[in-house]
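Report on the structure given below.
The values are calculated or read from the model by the stated rules, or taken from the named source; none is laboratory data. Nothing here was measured: the structure is a model prediction, and the numbers come from that model. No Cβ is skipped: glycine too gets one built from the backbone with ideal geometry, and neighbour counts run over all protein chains shown. For accessibility, only protein heavy atoms count, side chains too; no ligands or nucleic acids. Shrake-Rupley method; radii C 1.70, N 1.55, O 1.52, S 1.80 Å.
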Amino acid sequence: MERPLRGLMVGAGYFAPIQLAAWRAVRGAEIHGLVGHRDPDRVAAVAREAGVGWSGVDLEAAMAEVRPDFLDICTPPATHGELIRFAVDRGLPVLCQKPLAPTVADAAELADLAHRHGVPLVVNENWRWQPWYREAKRLIDNGVLGRPFHTTMRMRPGDGWGERPYPDQPYFAAMPRLVLFETGVHYVDTTRYLFGEIDEVRCTTATVNPAVTGEDLVIAVLHTTGGGIVVYDADRSAVARTVRSLAYGTMSVEGTDATLEVADDGTMTVLRRDGRTARHDYRIPDGWKGGCATAAQQNFVDALRGRAEAETPAADYVRTMRVVEACYQSAASGQAVRIRSERVAGVPEPAGERLP
Ligand SMILES: NC(=O)c1ccc[n+]([C@@H]2O[C@H](COP(=O)([O-])OP(=O)(O)OC[C@H]3O[C@@H](n4cnc5c(N)ncnc54)[C@H](O)[C@@H]3O)[C@@H](O)[C@H]2O)c1
């Protein structure tokens, strides 16, 4: 039997315990060490809780102790570059949390570096692995909706109001770029997963809660090369029916034959043009947000084993970050912004892209 791959994880903050719990359900890999900085007690406690054998605050020491087959980065975006360079220098495959880097240029440089050294660099983009998006994709691909032409992703976590917003991630309040950079990036990636490339955006942003620095309201209209329009309607300060609901809000996909509605608990309804409306049952696995973190991490491991294509390699993820950047440009200028189609090393241009 193949021995499980040995992982070393970096970062022991809000998301680390969720990511570590997800690793326990992944087949073919185990996390053997956890590295943090500044607060060794917190790092040790997170490691202990997750059954990780080694913990510490020194990456070199962790490398010597754990002898990992891959590095799993779960630290803030500004630290990703340094950690990715560390891994690439040692030929160590990397799974790195989103957003890959603070800017598109930084992300492209990192993707290019990993490509030139032949080191797998995959973005841990778990959002698209939420089972309601996987099931929506299956229904779309099977033609149940006809041609989807209008989708609304209405994000309402309800966690961003008051003087101390975002209790799980208080650092959000000081981020100069908030909803698009931090969370919208998931929805752009998911749009690309469901509908293909995005070639033009129109976007408006606002800051509603005076206690936050960046934008907490975003309306982004994303035009896909296939002709469909996706509206990302995100408001983190508004009242939500359920705070941080399972699906973080609702989605409707309107097609020529039927409309798919996804409720904030992930339940699905299909409304057909002939008037038949029926709940659509499907399986929502256990685990954080329907097992999406496990599924994304499993895809990384399967790709390292040569059993699957990585769905979100860094080089491809640069396109997602370009769309996010274009949204900021559009919001600042009040103009529609076309997405530039620069090549990224190692990534074929998407089929059907029709750009100037
Ligand atoms: N859906 C998701 O997948 C999801 C959800 C939440 C956060 N995230 C992402 O996960 C990453 C971490 O977010 P978070 O909320 O856990 O942040 P956080 O600030 O709560 O935790 C970050 C951790 O990284 C540690 N750290 C920082 N620099 C380090 C370094 N150089 N070496 C070792 N440790 C270092 C910090 O001490 C802290 O423990 C971010 O990229 C964020 O966007 C993803």
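Brief remarks on what is shown
- Inter-residue pairs, beta-carbon under 6 Å, first more than 10 Å from the ligand (Cβ to nearest atom) and open to solvent by 30 Å² or more (accessible area, probe 1.4 Å) and in segment 285-300, second among the β-branched types (Val, Ile, Thr) and part of a helix (DSSP H, G or I), 6+ apart: Gly287/Thr294
- All conditions in (1) among the acidic types (Asp, Glu); (2) part of a loop (DSSP other than H, G, I, E, B); (3) within 16 Å of the ligand (Cβ to nearest atom) hold for Glu163, with the sole exception of (3).
- Among the candidates Pro40, Pro68, the residue that is out of contact with any Pro (no Cβ under 9 Å at 6 or more places or on another chain), away from the ligand (no atom under 14 Å from the Cβ) and in the same structural domain as Gly306 (by TED's automatic domain parsing) is uniquely Pro68.
- Residue list for segment 209-233, restricted to those being among the hydrophobic types (A, V, I, L, M, F, W, C), within 17 Å of Ala326 (Cβ to Cβ) and open to solvent by 10 Å² or more (accessible area, probe 1.4 Å): Ile219, Val221, Ile229, Val231
- Scoring Met1 on the criteria (1) among the hydrophobic types (A, V, I, L, M, F, W, C); (2) open to solvent by 30 Å² or more (accessible area, probe 1.4 Å); (3) without any contact (Cβ under 8 Å) to a residue 60 or more places away in the chain; (4) within 11 Å of the ligand (Cβ to nearest atom) leaves a single failure, condition (4).
- Checking every residue in segment 66-81 against the condition of being among the acidic types (Asp, Glu) and surrounded by 21 or more Cβ atoms within 10 Å (Cβ to Cβ) gives at least one match.
- The numbered conditions (1) in contact (Cβ under 8 Å) with a residue 12 or more places away in the chain; (2) surrounded by 14 or more Cβ atoms within 10 Å (Cβ to Cβ); (3) charged (D, E, K, R) are all true for Glu261 except (1).
- Within segment 190-208, the set of residues being over 20 Å from Asp141 (Cβ atoms) and crowded, with 17+ Cβ neighbours inside 10 Å comprises Asp199, Glu200, Val201, Arg202, Cys203, Thr205.
- Boolean, Tyr187 is of a type in the set (Phe, Trp, Tyr), open to solvent by 10 Å² or more (accessible area, probe 1.4 Å) and within 22 Å of the chain's Cα centre (by Cα): no
- Residue in segment 46-54 that is near the ligand (Cβ under 7 Å from one of its atoms) and open to solvent by 30 Å² or more (accessible area, probe 1.4 Å) present: no
- Test: residue in segment 23-37 that is near the ligand (Cβ under 10 Å from one of its atoms) and farther than 18 Å from His80 by Cβ: no
- Restricting attention to segment 99-112, the residues that are open to solvent by less than 20 Å² (accessible area, probe 1.4 Å) and part of a loop (DSSP other than H, G, I, E, B) add up to 3.
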